[in-house]
Amino acid sequence: MDTIVRIDVGAQGGPKVRKEPVGSYAGYGGRALTSMMVAREVPPLCHPLGPENKLVIAPGLLSGTAAGQSGRLSVGCKSPLTGGIKEANAGGQAAQVMARLGYAAIVLEGAAPEGSCFLIYVNKDGIGVENAPQYKGLENYDLIEEIKKRYGEKVACISIGPAGEQRLAAASIACTDMEMHPTRHAGRGGVGAVMGAKGVKIIVMDDAGMPMRQPKDAEKFKAANKAWVEGLKKHPVTGSGLPAYGTNVLTNIINESGGFPTYNFKQGQFDGASKISGESYAAMMVKRGGQPTHGCHRGCVIQCSGIYNDADGKFLSKQPEYETVWAHGANCGIDDMDAIAMLDRLDDDIGLDTIEMGATVAVAMEAGVLKFGDAKGAIELIKEIGKGTPLGRIIGSGAAVTAKAFGLERAPVVKGQAMPAYDPRAIMGIGVTYATSPMGADHTAGYAIATNILKVGGYVDPLKPEGQIELSRNLQIATAAIDATGMCLFIAFAVLDQPETFQAMLDLLNAFYGLSMTNDDVVALGKAVLKAERDFNAAAGFTKEADRLPEYFKREAIAPHNVTFGIKDEDLDKVFNW
Amino acid sequence: MQIAVKLFATLRDGRFESAPIELPIGALVSDAIEAAGVPPKDAAVVFVNGRHAEPGRPLSPGDAVAIFPPVGGG
């Protein structure tokens, strides 16, 4: 994994592929690599859909190795949704396969000629780019069926659907899972629109003939991996809660806490929560012959994913994730499991961020385009995006644009990006992360829910401002470092509670690269990534006023706890004072 | 006094989803956990009326106690 490949999609005579050594980007992987490259090479004031922007796709430092849980793929660029730097990451097979093929990053650069629909094919012999107009306009599932006919079922794909081709700001990038379903998405920030602007429809990767990446110290690596896997299996969240119920095990607990945003963030509890909970989905999956316990990529230890079948026992979608169940469920007043799974399927197929879409449909409901609870209407509205109608283009541009188009104040966004599944008034730590993350409102950037609600890594009262700044700061630093490794973020549950499991992760990195990194080095890496991201945003025009929640979160109290967001602006400005 | 107890995820196995439980006046959260048949170490997160509660918190008639095993996601 010592090569960076750059593809200039606008070169004279067709796309030009150039390989170069990893050079000054050595030691970076995943988000660290994408953010450092975007910060160094993309002019902060450029248009996200213009030729100066770059799409950087990078596996993590441990991807492609035997290390358990190392299959996250990072995608970075300047975001068309936020106007700032973006890293979105995804599971699926792509990271493992790209890393085995030896690439630290694939970078799409330049301006694609009008009407381009490129297919990039990568295998052990090299990289080819062809114009493939036959795939133009295809939704992700149909596209992958075509790819299977041509390349078989052992490849890994990174693709966009019609939303990405339309260059809409909520467009995602899909990665295939082990069953060749395009279900694992780099969802946030409109990364799919940037891939669309580069004229690339799909990257197909085949790692046949490429061995697993080998560590510098095989013995130490093996021992560290053993301790690592044991640590993940031993912790009750990663060892039993997530495998049994998936991420949606959260619906009941977040609802119980009063921080489950309902009806476009109007109240913190949803009457239909138990009908769409992880417990209900798991029972339904068993009943219909689906699979409640399933891994999204080779080498997954936690197995939080699942397969959801329709009433006839046929595959409908992956088990919808908690964020999706909330976004298309409670936030839209929908308590129908099949409808939510269908919306998940449509988002994956058209290539859309499920969080942004659920938030946007709820805004459209508040605007009166359809009624809260109208599942059929929500399905039809998402289909509009696939068809490219004017209404579909508004919805596909996200919650902020839709609120503006319909003259509404209540757009639950920060830096233009929709908030995920936790109300920042009833869970203030996550509000600090939403406000200050360089990514816009993003729960993964500093998952304060762990400590505010789940009592993992200690406990900080979610309803009080005290301790939230420090909590979010420390989590944002740790997350920026973990996102460099290619490790799935769910390892944090085990790592936060079990020092020996954190040490095992360090040992994996040290044994693989022949290093002697300590905790301090990990913290330094996290800080360096955040600093680069914040510097980019500052140069792109972001001031401290961008690190705020919308005013109505300070004005309108949320039931049942009747709280407003109680963190002072001057305290938010201290998050990055270290 | 009567309180309402709700169990979630694996705690439901062999028990119940929600049930009214009779406890003497002055009973604590830990008594509700015991009355529900949940081993104390499995009650990782407990809410009383939507607020986190420690085992030593006294209960009042009509309180809703929600008991969760260790869970996570996101």
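Roughly how big is the range A:248-423's charge dipole about its Cα centre, with Cβ charges of +1 (Lys, Arg) and -1 (Asp, Glu), in debye to the nearest 20?
About 260 debye.
Which of the GluC sites (Glu not before Pro) found in the range A:515-578 are loop residues per DSSP with 12 or fewer other Cβ atoms within 10 Å of their Cβ?
A:551
Quick one: of the DSSP bridges fully inside the range A:1-145, what percent are antiparallel, nearest 5?
80
Quick one, what does Rg over Rh come out to for the range A:3-205 if you take C-alpha atoms and the Kirkwood Rh?
0.92
Quick one: with all protein chains in place, what share of the accessible area of the range B:2-68 is carbon or sulfur, to the nearest percent (1.4 Å probe)?
Reported share for carbon and sulfur atoms: 54 percent.
Considering only DSSP beta bridges whose two residues both sit in the range B:2-68, what percent are antiparallel, to the nearest 5?
Taking every DSSP beta bridge within the range B:2-68, about 75 percent pair in antiparallel fashion.
Residue by residue, what Karplus-based ³J(HN,Hα) values in Hz, rounded to whole numbers, does the range A:443-456 have, using 6.51, -1.76 and 1.60 with θ = phi - 60° and x for Gly and Pro?
5, 5, 5, x, 7, 5, 4, 3, 8, 6, 10, 8, 6, 9
Would you mind getting the Kirkwood hydrodynamic radius of the range A:235-347 from its Cα pairs, rounded to one decimal in Å?
13.9
Antiparallel as a % of all DSSP beta bridges within the protein assembly as shown, to the nearest 5?
The antiparallel fraction comes to roughly 75 percent.
Any chance you could check the Cα centroid distance between the range A:1-59 and the range A:201-248 for me, in angstrom?
Using only Cα atoms, the two centres lie 27 Å from each other.
In the calculated pair distance distribution of the range A:248-423, what percentage of Cα-Cα distances lie above 22 Å?
40
Kindly provide log₁₀ I(q)/I(0) values, in the same order as q = 0.06, 0.07 Å⁻¹, from the Debye equation applied to equal alpha-carbon scatterers of chain A.
-0.25, -0.35
Go through the range A:141-152 residue by residue and turn each phi into a ³J(HN,Hα) via Karplus (6.51, -1.76, 1.60, θ = phi - 60°); whole Hz please, and just put x for glycine and proline.
5, 5, 4, 5, 4, 5, 5, 4, 4, 8, 10, x
Rolling a 1.4 angstrom probe over the protein heavy atoms, how many square angstrom per residue are accessible across the range B:2-68?
Each residue of the range B:2-68 exposes 48 Å² on average to a 1.4 Å probe.
If you roll a 1.4 Å probe over the heavy atoms of the protein chains, what accessible area per residue do you get for the range A:454-578, in Å²?
Value for the range A:454-578: 42 Å² per residue.
Highest mean first, how do A:250-257, B:47-54 rank when packing is the count of other Cβ atoms within 10 Å averaged over residues?
A:250-257, B:47-54
Could you list which residues have their amide H under 5 Å from that of residue A:200, counting only those 5 or more apart in sequence or on another chain, with H placed in the peptide plane?
Amide H neighbours of residue A:200, under 5 Å, 5+ apart: A:118.
Grab the DSSP H runs of the protein assembly as shown that are 4 residues or longer, score each as -39,500 (n - 2.57), total them, divide by all residues and round the 222 nm result to the nearest 500 deg cm²/dmol.
Computed ellipticity for the protein assembly as shown at 222 nm equals -10000 deg cm²/dmol.
Given +1 on the Cβ of Lys and Arg, -1 on the Cβ of Asp and Glu, and no further charges, what dipole in debye does chain A carry about its Cα centre, rounded to the nearest 20?
The calculated dipole for chain A is roughly 740 debye.
In nm, to one decimal, how far is the modelled label at residue A:311 from the one at residue A:576, with both set 7 Å along Cα→Cβ?
About 5.2 nm, to one decimal.
Quick check: Cα centre of the range A:413-428 to Cα centre of the range A:295-362, how many Å?
Between the Cα centres of the range A:413-428 and the range A:295-362 lies a distance of 20 Å.
Run through the range A:286-354 and list the trypsin sites (Lys or Arg not before Pro) located in a DSSP loop whose Cβ has at most 14 other Cβ atoms within 10 Å.
A:314
Chain pair A, B: how much accessible area is buried, both chains summed, with a 1.4 Å probe, in Å² to 100?
By this definition, chains A and B bury close to 2000 Å².
Which residues of the range A:254-270 show a drop of at least 10 Å² in accessible area when all protein chains are present, compared with their chain alone (probe radius 1.4 Å, heavy atoms only, ligands and nucleic acids excluded)?
At a threshold of 10 Å² (probe 1.4 Å), the residues of the range A:254-270 that become less exposed are A:256, A:257.
Please report the relative contact order for chain A, taking Cα pairs under 8 Å with a sequence separation of at least 6, and give it as a percent rounded to a whole number.
Normalised by residue count, the contact order of chain A is 16 percent.
So which of A:287/A:376; A:415/A:531; A:78/A:404; A:220/A:318; A:415/A:568 end up more than 26 Å apart by C-alpha?
Too far apart for the 26 Å limit: A:220/A:318.
Just which residues of the range A:454-481 lose 10 Å² or more accessible area with every protein chain there, against their chain alone, with the probe set to 1.4 Å?
For the range A:454-481, once contacts with the other chains are taken into account, A:454, A:455, A:459, A:463 lose 10 Å² or more.
If you average the C-alpha positions of the range A:60-124 and of the range A:467-529 separately, how far apart do those two centres end up, in angstrom?
Their Cα centres are 22 Å away from one another.
Carbon and sulfur: what percent of chain A's accessible surface (1.4 Å probe)?
52
Give the average, rounded to an integer, of partner chain Cβ atoms located within 10 angstrom of each Cβ in B:1-10.
Average per residue, whole number: 3.
In peptide A:245-253, how many Cβ atoms from other protein chains are near each Cβ within 10 Å, on average?
5
Are there any residues in the range B:37-74 with a reduction of at least 40 Å² in accessible surface when going from the isolated chain to the assembly of protein chains? Probe 1.4 Å, please list them by number.
Hits at the 40 Å² cut-off: B:45, B:47, B:50, B:51, B:52, B:68, B:70, B:71, B:72, B:73, B:74.
Output ³J(HN,Hα) for the range A:104-115: one whole-Hz value per residue in order, computed from phi by the Karplus curve 6.51 cos²θ - 1.76 cosθ + 1.60 with θ = phi - 60°, and x for Gly and Pro.
6, 6, 10, 10, 9, 10, x, 10, 6, x, 3, x
The values are calculated or read from the model by the stated rules, or taken from the named source; none is laboratory data. A quick note: this is a predicted structure, and the numbers were derived from the prediction, not measured. We place every Cβ from the backbone using ideal geometry, glycine too, and count neighbours over all the protein chains shown. Ligands, DNA and RNA are stripped out before the accessible areas are found, and what is left, the full protein with its side chains, is counted by its heavy atoms. Shrake-Rupley method; radii C 1.70, N 1.55, O 1.52, S 1.80 Å.
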